[in-house]
1. Just give me the residues in the stretch 96-118 being at pLDDT 95 or above and among the charged types (D, E, K, R), in sequence order.
2. Taking the stretch 2-27 only, how many residues are in contact (Cβ under 8 Å) with a residue 40 or more places away in the chain and small (Gly, Ala, Ser)?
3. Mind telling me which of the residues Arg25, Arg9 ends up being assigned to a loop (DSSP other than H, G, I, E, B), more than 27 Å from Leu115 (Cα to Cα) and in contact with a helix residue (DSSP H, G or I) (Cβ under 8 Å, 6 or more places away or on another chain)?
4. Based on this model, can you work out whether Val73 counts as β-branched (Val, Ile, Thr) and within 30 Å of Trp117 (Cβ to Cβ)?
5. Out of Ile93, Ile78, report the one residue that is surrounded by 14 or more Cβ atoms within 10 Å (Cβ to Cβ), at pLDDT below 95 and of a type in the set (A, V, I, L, M, F, W, C).
6. Hey, can you tell me all the residues within the stretch 37-49 that are touching a helix residue (DSSP H, G or I) at 6+ places or on another chain (Cβ under 6 Å) and either loosely packed, with under 13 Cβ neighbours inside 10 Å or under 16 Å from His98 (Cα atoms) (or both)?
Amino acid sequence: MSWSRVHLRQQLLRAVLADIATTGRPEIPAALTDRIDAEYGGFAEFLLAAQALWYRTFDARLDVVLETWPSDVRGALIQLEKDVNEALTGARILLDAHHSHPALAEAHRRHHRTLSWATGVSLPNVEESDLR
C-alpha cells in the first residue's frame, strides 16, 4: 500500500471519528460510506482500523506506566483507559456501538492477553467492555 493511500485512509478514519465525537452518535455519515467502502473494502475493515488506532494509542501510553511501574498498577491502567477514551471519543463511541462485531473479537482477545501478560493485571470487565 502506498504512503498516499495510507495517508488518505488515516484522514478518512480521523474525519469519521471526529464526526462521531461531535454528534455523539456512532453512525457513519452517509456522505462517507462510499469512501469507506472504497478505501477500506467495507465496514469491518474500517472498524478494525478504529480499533487499531485505539489500541496503538493505549499501548503507546502504556509504555510510560510500564517504565514507572506505579504502586497501583490497576488504578493506573483504569486511568489510562479513561484518558485514551477521552482522547479518542469518536473511536470509543464507534467501538462501543459495535463491540459484538465479529471482526473485532480476535484483536481484542490478543490485546487483552498481552495487557494481562505485561502488567500482571487482568481488568475484570475488559472482555465485556473492550476497555470502555
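The values are calculated or read from the model by the stated rules, or taken from the named source; none is laboratory data. Everything numeric in this text was worked out from a predicted model, so none of it was measured. All Cβ positions, glycine included, derive from the backbone under ideal geometry; neighbour counts span all protein chains shown.
1. Result: Asp96, single match.
2. Of the residues in that region, 3 qualify.
3. Numbers: Arg9 fails: assigned to a loop (DSSP other than H, G, I, E, B).
Within the list Arg25, Arg9, the selection yields Arg25.
4. Values: β-branched (Val, Ile, Thr): yes; within 30 Å of Trp117 (Cβ to Cβ): yes.
Yes; evaluated as a whole, the condition is true for this residue.
5. Working: Ile93 fails: at pLDDT below 95.
Testing whether each residue is surrounded by 14 or more Cβ atoms within 10 Å (Cβ to Cβ), at pLDDT below 95 and of a type in the set (A, V, I, L, M, F, W, C) leaves just Ile78.
6. The initial filter retains those residues of the stretch 37-49 that are touching a helix residue (DSSP H, G or I) at 6+ places or on another chain (Cβ under 6 Å), namely 39-40, 44, 46-49.
If the condition is that a residue be touching a helix residue (DSSP H, G or I) at 6+ places or on another chain (Cβ under 6 Å) and either loosely packed, with under 13 Cβ neighbours inside 10 Å or under 16 Å from His98 (Cα atoms) (or both), then Ala44, Phe46, Leu47, Leu48, Ala49 are the ones that fit.
Conditions tested, residue by residue: (1) modelled with pLDDT under 95; (2) under 24 Å from Pro102 (Cα atoms).
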residue	(1), (2)
Gln11	no, no
Arg25	no, yes
Ala30	yes, yes
Gln51	no, yes
Val65	yes, no
Glu86	no, no
